[in-house]
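Everything on this sheet refers to the single structure shown next.
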Amino acid sequence: SQHLLTMLGIFSRLSVSSRVSKVGGSINEVCSNLQSIRFATKKAGGSSKNGRDSAGRRLGVKKYGGEYVTPGHIIIRQRGQKYHHGENTMMGRDHTIFSVVEGWVKFTYNPIKKYQVVSVAFENPNIPRKIREPIELESVVEQAKVVV
């Protein structure tokens, strides 16, 4: 029995014989004592104080200048008053600016108080400008001759 324990590689012959003499010589008692001994199978790892993160809050401008909105459309989601509400818009308790009427979003800057104002206009502020009338080539050539 002592040879069997040595083959398992758990204890040397010297330590097994000392255990057998201390326990009283019964091999069953020695085996039951050996079953309670466990060794680490993985290296102990330290704890980390970091490793947490939260999802983004999806803040920012949702409707840009010149976009059409209807009542209730969210124009800007923000923390604090980076943008201020203007005509035909209101601000929610979480500082969300939303439309009250149908119209087009308009951004203006207040240079005195140094902040941007968001409003909804009834007319589109970004109507494309009229295309210029075609320039006659002869008049351009004449102007070039005068300069030279």
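The values are calculated or read from the model by the stated rules, or taken from the named source; none is laboratory data. The model shown is predicted, which means the values in this text are computed figures rather than measured ones. For accessibility, only protein heavy atoms count, side chains too; no ligands or nucleic acids. Shrake-Rupley method; radii C 1.70, N 1.55, O 1.52, S 1.80 Å.
General remarks:
- Placed amide H near His73: partners under 5 Å, 5+ positions off or other chain: Ser99
- With a 1.4 Å probe rolled over the protein heavy atoms of all chains, the accessible area of Glu67, Glu138 falls in the order Glu138, Glu67, largest first.
- Shown are Lys113, Lys42, whose ranking by accessible area with a 1.4 Å probe and every protein chain present, most to least, is Lys42, Lys113.
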